[in-house]
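The values are calculated or read from the model by the stated rules, or taken from the named source; none is laboratory data. Worth saying up front: this structure is predicted, and the values here are computed from it rather than measured. FYI the Cβ positions are ideal-geometry reconstructions off the backbone, even for glycines, and counts take in every protein chain you see. The protein model used for the area step is the full one, side chains on, heavy atoms only, and it has no ligands, DNA or RNA in it. Shrake-Rupley method; radii C 1.70, N 1.55, O 1.52, S 1.80 Å.
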Amino acid sequence: MSSNTQNPVLLIGGSGVVGSRAARTLRRLQPGLPITLGVRDVARAQTLARELGGAEAVRINLERRDLGLPETAAFSAVVVLLKDDTLNSMKYAQAKGLPYVSFSDFVFDIGPEVALHIQHPTRSPVLLLGHFLGGTVTLATLHFARAFRRVDAIEIGAVFDEEDMGGPAARGDTERVTKDLPSPLMLKDGRFAWARGEDVYRDFVGVDGAQWRGRAYPLLDVVSLATATEARTVRLDFAVREAASRPSGQGVSHEVIIEITGEREDGTTGRVRHELIDADVHSGLSARGVALAVERLLGLAGGPPVKPGLYHPEGLLDPTSVVERLKEFGTRIRP
Ligand SMILES: NC(=O)c1ccc[n+]([C@@H]2O[C@H](COP(=O)([O-])OP(=O)(O)OC[C@H]3O[C@@H](n4cnc5c(N)ncnc54)[C@H](OP(=O)(O)O)[C@@H]3O)[C@@H](O)[C@H]2O)c1
């Protein structure tokens with residue numbers, strides 16, 4: 001274990017819908033790991049810090065290079081659970097040589113972070129984790145893809161409850177992507193394309209047999225899966241369930257359908273379908289993805305502390321182990 005891990009993990013946005021769940025999951029996985037919640041409203045975050053134990057809340061000012069923190073502040077990692085369009089949190093992590101996790105970038109957003117890493121490639125391990133559900137879907141897909149000798153197509157469909165939109169920061173991001181930048185990236189017949197027209201939509205069948213019309217979404221899963229496999233088609237489509245059409249007695253939940261086409265290890269070709277069902281808001285599974293990544297970056301699970309470099313979740317975490325952990329956390333995976 002690195003001596004660095006004595007210092008707290010700084011969770012910027014750690015009191016939010018995802019952040020509070022990431023903090024609780026991290027506490028459950030690592031009872032002795034100190035946590036600092038970096039926020040604007042310290043009083044609100046202090047309530048959570050007390051519940052967590054071994055935690056404190058500090059005020060963060062993203063406009064400042066020092067984030068408004070005292071010079072003596074020391075952390076083991078910086079995790080940013082909101083869109084930091086100043087890059088100051090990443091500059092802070094690099095200045096101190098700390099692992100950095102960004103969590104709120106769509107596929108068209110990562111240019112500035114990639115450029116900052118290229119400027120200082122040896123300073124910090126930088127994890128780009130804007131992936132769907134904190135990277136858990138890409139990792140589960142790569143686990144299922146292990147049954148194939150050759151993967152031809154990966155099509156992922158997800159159904160969200162209309163009341164499962166996250167907190168104000170998440171709603172701001174959704175508005176940003178739906179209003180300003182409508183073209184989603186997909187890999188189609190071996191070519192990356194910012195889809196338009198009918199290509200944007202895909203019909204898929206939900207876990208209960210319901211028909212959904214999904215809309216492609218520009219998340220990093222497309223590039224991760226396209227580069228981690230030889231697939232010629234990769235896409236990710238979201239549909240929204242109206243609260244009124246929720247089965248009676250069922251609360252907010254979400255489902256993910258992963259379909260892979262290719263040649264199996266036994267030489268037969270075909271399509272498989274797997275389902276992930278989670279009876280929590282989508283932020284819960286996303287937070288588990290963050291917690292598993294932080295544990296790994298610090299060297300508290302799965303290997304030694306991660307060296308400086310630019311990472312996606314599949315470069316850090318073993319897909320099969322993550323699927324096992326998700327089952328332990330209560331996500332249903334079928335078959
Ligand atoms: N990759 C994924 O899987 C995934 C999944 C879900 C959500 N997300 C992203 O995660 C982010 C958080 O979503 P959420 O639903 O948790 O939103 P949220 O409930 O609004 O949480 C935002 C958090 O950030 C803090 N915050 C906001 N502005 C800040 C600032 N300028 N400086 C410091 N702290 C600030 C808030 O506390 P104060 O108000 O006290 O500052 C709060 O703790 C969003 O960007 C969303 O798009 C990613």
Of the residues in the range 90-115 that are surrounded by 23 or more Cβ atoms within 10 Å (Cβ to Cβ) and among the small types (Gly, Ala, Ser), the one that is nearest to TYR217 (Cα to Cα) is SER102
Check your understanding: When you look at VAL306, is it assigned to a loop (DSSP other than H, G, I, E, B) and not small (Gly, Ala, Ser), yes or no?
Key -> yes
GLY209: passes all of (1) within 23 Å of GLY130 (Cβ to Cβ); (2) at pLDDT 90 or above but (1)
query: What about ASP203, is it without any contact (Cβ under 8 Å) to a residue 40 or more places away in the chain, out of contact with any Gly (no Cβ under 6 Å at 6 or more places or on another chain) and open to solvent by 50 Å² or more (accessible area, probe 1.4 Å)?
result: yes
Residues of the range 285-318 being closer than 30 Å to ASP208 by Cα and surrounded by fewer than 19 Cβ atoms within 10 Å (Cβ to Cβ), in sequence order, are ASP318
The condition from (1) more than 15 Å from the ligand (Cβ to nearest atom); (2) surrounded by 15 or more Cβ atoms within 10 Å (Cβ to Cβ) that VAL9 misses is numbered (1)
Among LEU69, LEU52, LEU48, the single one that is over 21 Å from VAL306 (Cα atoms), assigned by TED's automatic domain parsing to the domain that holds PHE103, surrounded by fewer than 23 Cβ atoms within 10 Å (Cβ to Cβ) and near the ligand (Cβ under 10 Å from one of its atoms) is LEU48
Among residues of the range 185-201 being of a type in the set (A, V, I, L, M) and in a strand (DSSP E or B), the residue farthest from the chain's Cα centre (by Cα) is ALA193
Filtering strands (runs of 3 or more DSSP E) wholly in the range 207-302 for at least 1 residues that are within 21 Å of ASP173 (Cα to Cα) gives 211-216, 233-241, 254-264
**Asked** Taking VAL159, is it modelled with pLDDT of 95 or more and of a type in the set (A, V, I, L, M, F, W, C)?
**Response** no
In the set VAL80, VAL42, VAL18, the lone residue that is touching a residue at least 12 places away in the same chain (Cβ under 8 Å), in the same structural domain as PRO99 (by TED's automatic domain parsing), surrounded by fewer than 23 Cβ atoms within 10 Å (Cβ to Cβ) and within 11 Å of the ligand (Cβ to nearest atom) is VAL42
